[in-house]
Structures are given as structure tokens and as C-alpha cells.
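*Asks:* The following block contains the structure, expressed as C-alpha cells.
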Amino acid sequence: MPKIILNQAIVEDNWVKVDPEAELPVSGKVLLPYPLWLSGDFDAGAFEAVAVWIPNDTVFDEQAEKLTGLPVIAIDFPAFTDGRGYTLARQLRERFNYNGELRAIGDVLQDQLFYMTRCGFNSFAVREDKSIEEALQGLKPFSGAYQAALDKPQPLFAERWN
């Protein structure tokens, strides 16, 4: 079974990501493509649990409010150079008040994890050809951050005056 980083620990990944053109599994915990999940063209009762993975080119509309009840939302990073997933994560946390597991999937590398955490991710499916143990260390490279972000709303310079 593959492993992921969840809340700064390495754990078993018991979710199956379903590709858009693939057959649906017959049971288990599934991460459905966002368009399929929105369409409702599946039998949710056939699965232990249903969650969603979101392509990085998604533009949220009023339908996104339905996401808040899901246990997991995964955001796909097709290339490490594509940062649109960071924006989607912030939108889910700030605008839609999503409090569940927010997972980065796809081309996820150690160097990105600290910044992904700052945008609201708490789970990471590291690229298969990379060491998950080394990637876990990517969450601890800095003792602090200057800028305000989701994980620390007040910038460092403002703390001096408090």
C-alpha cells in the first residue's frame, strides 16, 4: 500500500485515486475526479467513503460549497512548476472554510512541502520516485517565515510590536 505524509507523519494511504477514463472500483475509499463527483453519476453507497481530487485548472463556483463535507480533497499538481494548486488550497481553506484533509498529489517534491503547508495543505502524496522520509524533512527547513499566510496570519515584523 502506498504511503503519504499526513499531519507531519508518514501513514498508509487507503484512498484510491480514480482517473477520469478509468472504471470505478467496486468498493473502498475513492478519490473521484471533481467533474464526475459534481455530476453525481456514480453510486456513492457502493463505496466505504467518497472524496474528490481536483485538477489544477479548476475555477470554483457556487458548487464548491458542497466540498466542505468531504473527508479528503486532493489537488493535482501536474508539474512542480505549476502553482495554481496553491491558490485552490487557499480558496478552499479561506473562502469555503474547508477543515478536512487537503492533499497535494501529482508532481509533489520535497522543496514544495513547506510552502504548500503555508497555503493549507496537511497531506502530501510525494512523487513515487522520491523518498517520502526525505520529503518529510521538507516540512521543517525554516524556523520561521516573514510573510503572512494561512498558517500564520500575522507577518513577522508585526509580532515585534505586540
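The values are calculated or read from the model by the stated rules, or taken from the named source; none is laboratory data. Source: prediction; values computed, not measured. Note: ideal-geometry Cβ built from the backbone for every residue, glycine included; neighbour counts use all protein chains shown.
Per-residue answers, yes or no, for (1) free of Cβ contacts under 8 Å to residues at least 40 places away in the same chain; (2) surrounded by 19 or more Cβ atoms within 10 Å (Cβ to Cβ); (3) aromatic (Phe, Trp, Tyr):
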site: Arg84; (1), (2), (3): yes, no, no
site: Leu88; (1), (2), (3): yes, yes, no
site: Arg95; (1), (2), (3): yes, no, no
site: Ser123; (1), (2), (3): no, yes, no
site: Arg127; (1), (2), (3): yes, no, no
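*Asks:* So Met1 fits all but one of (1) modelled with pLDDT of 90 or more; (2) exposed (fewer than 12 other Cβ atoms within 10 Å of the Cβ); what number is the exception?
*Replies:* With respect to (1) modelled with pLDDT of 90 or more; (2) exposed (fewer than 12 other Cβ atoms within 10 Å of the Cβ), Met1 is out only on (1).
For (1) surrounded by fewer than 11 Cβ atoms within 10 Å (Cβ to Cβ); (2) of a type in the set (Val, Ile, Thr); (3) touching a residue at least 12 places away in the same chain (Cβ under 8 Å); (4) under 16 Å from Tyr98 (Cα atoms), each residue gets a yes or a no:
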{"residue": "Val16", "(1), (2), (3), (4)": "no, yes, yes, no"}
{"residue": "Val30", "(1), (2), (3), (4)": "no, yes, yes, no"}
{"residue": "Ala46", "(1), (2), (3), (4)": "no, no, yes, no"}
{"residue": "Ala49", "(1), (2), (3), (4)": "no, no, yes, no"}
{"residue": "Trp53", "(1), (2), (3), (4)": "no, no, yes, yes"}
{"residue": "Thr68", "(1), (2), (3), (4)": "no, yes, yes, yes"}
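*Asks:* Additional query: Report those helices (runs of 4 or more DSSP H) wholly inside the stretch 44-143 carrying at least 2 residues which are within 15 Å of the chain's Cα centre (by Cα) and farther than 17 Å from Val11 by Cβ.
*Replies:* Where helices (runs of 4 or more DSSP H) fall fully within the stretch 44-143 and carry at least 2 residues being within 15 Å of the chain's Cα centre (by Cα) and farther than 17 Å from Val11 by Cβ, they are 84-90, 110-118.
*Asks:* Have a look at Val26, Val11 and point out the one that is at pLDDT below 90, among the hydrophobic types (A, V, I, L, M, F, W, C) and loosely packed, with under 14 Cβ neighbours inside 10 Å.
*Replies:* Checking each option against the conditions leaves just Val26.
*Asks:* Against the condition hydrophobic (A, V, I, L, M, F, W, C), over 30 Å from Lys140 (Cα atoms) and not in a helix (DSSP H, G or I), how does Ala22 come out, does it pass?
*Replies:* It is true that Ala22 is hydrophobic (A, V, I, L, M, F, W, C), over 30 Å from Lys140 (Cα atoms) and not in a helix (DSSP H, G or I).
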